[in-house]
Amino acid sequence: MYDFRPAAQTAKPELYHDLLQAAEALTAGERDGVANMANVAALLWEFLDEVNWTGFYRMVEGELVLGPFVGRPACIRIPVGQGVCGAAAKSGATQLVEDVHAFPGHIACDGDTRSELVVPVLRGGAVIAVMDLDSPALGRFDAEDRAGIEALATMLAERI
Ligand code: SME
């Protein structure tokens, strides 16, 4: 049985340290990328508060295609350059959006979403996937969330 539980009222850097360790342990030695993405999406869902979607889009034949996630059913294909995910895929840079209504071209998969954090997963300099976290709260994600998810994306680059 896996029992990765965040300690109550943990500061964010510590929370992300524990999350990274849990994700590392959960994916160690497993070569199936889909299984690893599914478990990490579930871990994010369990560790983070105020999120309504946690998951992955994978780069498949030049466009983003829905991968393992927790949350409401979502848009399946996102062209590179479109929406927050497409912007992350195109630039290879994290997109931290405090208010999705103010982001030109934001793709509303869930009308409840107000803020979003999208982190590209890079392997050999190429974007192979993006990690997407959505929240119904305005300004839910900050620099500490960004650093935490970026560390996770770096660790996962060889495991998905
Ligand atoms: N809002 C994203 C689309 C993906 S869903 O949020 C799961 C975007 O603008 O790219």
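Annotation note: of G92, G111, G81, the sole residue that is touching a residue at least 24 places away in the same chain (Cβ under 8 Å) and either of a type in the set (F, W, Y) or more than 7 Å from the ligand (Cβ to nearest atom) (or both) is G92.
Residues are listed down the side, and each one gets a yes or a no for (1) in a strand (DSSP E or B); (2) in contact with a Pro (Cβ under 6 Å, 6 or more places away or on another chain); (3) farther than 24 Å from N39 by Cβ:
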position: M59; (1), (2), (3): yes, no, no
position: V70; (1), (2), (3): yes, no, no
position: I78; (1), (2), (3): yes, no, no
position: A89; (1), (2), (3): no, no, no
position: L96; (1), (2), (3): yes, no, yes
position: H101; (1), (2), (3): no, no, yes
position: C109; (1), (2), (3): no, no, no
position: T113; (1), (2), (3): no, no, no
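Residue selection: A74 satisfies the criterion of being free of Cβ contacts under 8 Å to residues at least 60 places away in the same chain, within 17 Å of D134 (Cβ to Cβ), assigned to a loop (DSSP other than H, G, I, E, B) and touching a Leu at 6+ places or on another chain (Cβ under 7 Å). The set of residues in region 1-32 being part of a helix (DSSP H, G or I) and out of contact with any helix residue (DSSP H, G or I) (no Cβ under 9 Å at 6 or more places or on another chain) consists of E14, Q21, A25.
Flag: G124 does not match the condition of being under 29 Å from D3 (Cβ atoms), more than 9 Å from the ligand (Cβ to nearest atom), without any contact (Cβ under 8 Å) to a residue 12 or more places away in the chain and of a type outside the set (F, W, Y). Does G83 satisfy the criteria of being surrounded by 14 or more Cβ atoms within 10 Å (Cβ to Cβ), touching a Gly at 6+ places or on another chain (Cβ under 7 Å), small (G, A, S) and farther than 21 Å from M155 by Cα? So G83 passes the test. The set of residues in region 127-138 that are more than 12 Å from the ligand (Cβ to nearest atom) and either under 16 Å from the mean Cα position of the chain (by Cα) or among the β-branched types (V, I, T) (or both) comprises V127, I128, A129.
Only the coordinates and a few stated rules stand behind these numbers; no lab work does. Source: prediction; values computed, not measured. Methodologically, a virtual Cβ is constructed for each residue, glycine included, from the backbone with ideal geometry; neighbour enumeration extends over all protein chains shown.
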